[in-house]
1. If you fit an axis through the alpha-carbon atoms of helix 35-52 and take the longest principal axis of the Cα set of the chain, what angle between them do you get, 0 to 90°, nearest 10?
2. Quick one: angle between helix 130-139 and the longest Cα principal axis of the chain, in degrees between 0 and 90, rounded to 10, please.
3. Give me Rg over Rh for the chain, both radii from the alpha carbons and Rh done the Kirkwood way, two decimal places.
4. For the stretch 308-323, take each phi angle, set θ = phi - 60°, evaluate the Karplus expression 6.51 cos²θ - 1.76 cosθ + 1.60, and give the result in whole Hz per residue in order, putting x for glycine and proline.
5. Project the alpha carbons of the stretch 171-306 onto their principal axes and report the range along each, largest first, in whole Å.
6. How long is the gain from N108 to L292 if the chain were fully straight, where each residue apart is worth 0.36 nm and the alpha carbon distance is subtracted?
7. Got the relative contact order for the chain handy, in percent, Cα pairs under 8 Å and 6 or more residues apart?
8. Got a sec? How would K156, K260, K297, K49 order by Cβ neighbour count within 10 Å, fewest to most?
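Bear in mind that the values in this text are calculations on the coordinates, not laboratory data. It should be emphasised that the depicted structure is a prediction, and the values quoted were computed from it without experimental measurement. Cβ placement follows ideal geometry from the backbone for every residue including glycine, while neighbour counts extend to all protein chains displayed.
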Amino acid sequence: MAGAIARDQLFTPEIALSTEAAWQRVKRVIPPFEWPLFAPDIDAIQRLKRERNAVVLAHNYQTPEIFHGVADIVGDSLALAREATRVDADVIVLCGVHFMAETAKILNPDKTVLLPDAGAGCSLADSITAADIRLMRQRYPGVPVVTYVNTSAEVKAESDVCCTSGNALKVVESLGTDRVIFLPDEYLASWVASQTDIQVIKWQGHCEVHERFTGAEVRRYREQTAGLVVIAHPECPPDVLAEADFVGSTAQMADYAKAKKPPRVLLLTECSMSDNVAAELPEVEFVRPCNLCPHMKQITLPKIRRSLEAMSGEVLVDPAVAARARRAVERMLEIGR
Ligand code: 13P
Ligand code: SF4
């Protein structure tokens, strides 16, 4: 019947009870009238996780109903990669983008890794190919290649070591050389270069979300908001980072806000991050310039549910490529944060 709500989408008293703890976590950032739309899927996903022996890993940019509602492990790219090596489950559902699911598969060749929407890509990962890395090596013989994890498995396989925004400087300085090739994020490379004497050879890849912030915009927010603390992600352009009080990975940004609890905070990164941190910090006012990552937003509760029901969206990596990529990722994990 047109307009009828399917039985498995009804917000029954039993579902209200089973999702009450999740509601308590998100009630500051999700309007009450929206919860009945989310709760049936959250209840179903929790049941499916038990049936499939699955864990849900969610990046900090996932929406609050996913981040606080169904995720077992949340974090930045580095934490998700590290936790993927510790998971004791048959199935990993990666709520993030394709390169994150590939990294989980590279580290867990025997587990099933599901990405609820195959179209969840990344402008940085799309900016460089394995052939580009081979050309860079020809151009700069003997110079080590440090690759941001926001890249394909094939690109990682051509690299000496990976890094994330949480450990980029430490990885670059661990190599003991006076030059490194750092790919593909130009702005993260510039941020690293500004803190070390090592010469950093860059690539012109950008994050389509962070490149939209401007230094002028940050100055305007400061003028309008007394006592504003500005926290920026290093994928932002240099003029934005120059205006920031703190620069770090998404996890480092959240940790900084939780430790300092400034009265007013501007998080210069993807929108959902502010919602997820605000849910835990009622005393802090979050100024919310909203730059959405269209790729992260491909992941929704109905798609997670469908993926677990049908075991669809499996991410596979050619074993020979995975073996080479694993060396670069594991070398990063050994260096740590
Ligand atoms: P981190 O969570 O590692 O800081 O990465 C940000 C990002 O843009 C991931 O896509
Ligand atoms: Fe890629 Fe930027 Fe989206 Fe992260 S936020 S997935 S770097 S496009």
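1. The two axes meet at around 70 degrees.
2. Computed tilt is about 20 degrees.
3. 0.99
4. 6, 5, 9, 6, 9, x, 5, 9, 10, 10, 3, x, 5, 5, 4, 4
5. 46, 46, 27
6. Stretched fully, the N108-L292 segment lengthens by 63.3 nm.
7. Rounded, it is 21 percent for the chain.
8. K260, K297, K49, K156
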